[in-house]
Amino acid sequence: MSIAALLVSTALAATPPAVGVGEPALSFVLPALNEDVALSIVHRPTVALSDFTGLRAPVARKAVVLTFLDRDRGGALLDDLDHIQKRWGGRGVQVLAVVADEGDVAELSTWVADQRLAFPVVRDSYGIVTGRYGVTDLPMTFVIDGDGAVFAIGQPPAQDFVAEVEAELQPLVKR
């Protein structure tokens with residue numbers, strides 16, 4: 001077993017319980033698969049949740065839509081997430097996708113770049129952030145308020161995804 005694999009299995013074995021509604025979202029910094037988008041928003045090739053939430057956020061938002069997915073489970077939602085970013089971004093919403101694929105970085109970056117998304121897509125190659133959030137079934141979406149608290153958690157069906165996420169965003173954007 002490689003050191004990286006050992007660290008991952010150890011980290012996942014010691015994973016704390018999933019974060020719940022009303023609790024603070026867990027902070028993380030991950031490398032962007034679409035560096036050009038990350039550079040245009042946060043001016044570096046990594047993205048942190050704290051870039052968008054809390055009092056010290058340089059680009060504070062009213063809400064963050066954080067979706068954990070991989071190419072096979074939730075990859076088709078990237079178009080819906082892009083729609084949400086384009087429709088709600090001007091109202092203080094930031095979409096952020098965490099790709100849990102362990103595949104080749106160049107291949108994943110090409111997959112993301114080909115979709116020309118308006119939001120950052122980050123890679124959790126060892127599943128540490130995914131595990132800390134308690135995500136065991138992909139895709140999983142967390143709506144986080146501007147203060148950094150989890151407002152909603154769910155797995156809306158693909159056909160209802162946009163409508164259900166937008167319903168959760170309404171009260172946060174009105175604040």
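Quick note: the coordinates plus some simple rules give every number you see, no bench work behind them. Just so you know, these numbers come straight off a predicted model, no measurement behind them. Methodologically, a virtual Cβ is constructed for each residue, glycine included, from the backbone with ideal geometry; neighbour enumeration extends over all protein chains shown.
Under a Gaussian network description of the chain, with springs only between Cα atoms under 10 Å, the residue in Val29, Val129, Val64 that fluctuates furthest is Val29. Computed extension length for Gln115-Val21: 30.7 nm, one decimal, from 0.36 nm per residue of separation with the Cα-Cα distance subtracted. Considering only alpha-carbon pairs that sit under 8 angstrom and 6 or more positions apart, the relative contact order computed for the chain is 31 percent. With contributions of -39500 (n - 2.57) from each DSSP H run of at least four residues, the per-residue ellipticity at 222 nm computed over the chain stands at -9500 deg cm²/dmol. Magnitude of the charge dipole for the stretch 20-174, about its Cα centre and with charges confined to Cβ atoms of Lys, Arg (+1) and Asp, Glu (-1), is about 660 debye.
Helix 3-13 and the longest principal axis of the Cα set of the chain meet at an angle near 50°.
Between Gln115, Gly74, Val37, the Cα set farthest toward the positive side of the dipole of the stretch 20-174 (charges on each charged residue's Cβ, about the Cα centre) is that of Val37.
Helix 161-174 and the longest principal axis of the Cα set of the chain meet at an angle near 60°. Computed extension length for Lys174-Glu102: 22.1 nm, one decimal, from 0.36 nm per residue of separation with the Cα-Cα distance subtracted.
Please compute the net charge surrounding Asp137, taking Lys and Arg as +1 and Asp and Glu as -1 over other residues with Cβ under 13 Å from its Cβ. Intermediate results must be reported in sequence, preceding the final value.
On the way: positive: Arg73; negative: Asp70, Asp72.
Computed value for this residue: -1.
Rounding to the nearest 10 and keeping the result within 0 to 90°, find how far the Cα-based axis of helix 78-88 lies from the longest principal axis of the chain. Roughly 30 degrees between the two axes.
Starting from the Cα gyration tensor of the stretch 20-174, take the square roots of the eigenvalues, sort them a ≥ b ≥ c, and report rounded, prolate or oblate (rounded when a/c is under 1.5, otherwise prolate if a/b is larger than b/c, else oblate). Can you show the working numbers first?
Numbers: a/c = 1.31, a/b = 1.20, b/c = 1.10.
Rounded.
Name the residue farthest towards the positive end of the dipole of the stretch 20-174 from the options Pro157, Pro171, Leu26, assuming +1 on Cβ of Lys and Arg, -1 on Cβ of Asp and Glu, about the Cα centre. Final value for the positive-end residue is Pro171.
Less than 9 Å Cβ to Cβ from Phe151, Lys/Arg counted +1 and Asp/Glu -1: what total charge do the surrounding residues give?
Values: positive: none; negative: Asp145, Glu168.
Taking every Cβ under 9 Å from that of Phe151, the sum is -2.
Extension gain, Arg91 to Arg73: 0.36 nm times the residue separation minus the Cα-Cα distance gives 3.6 nm.
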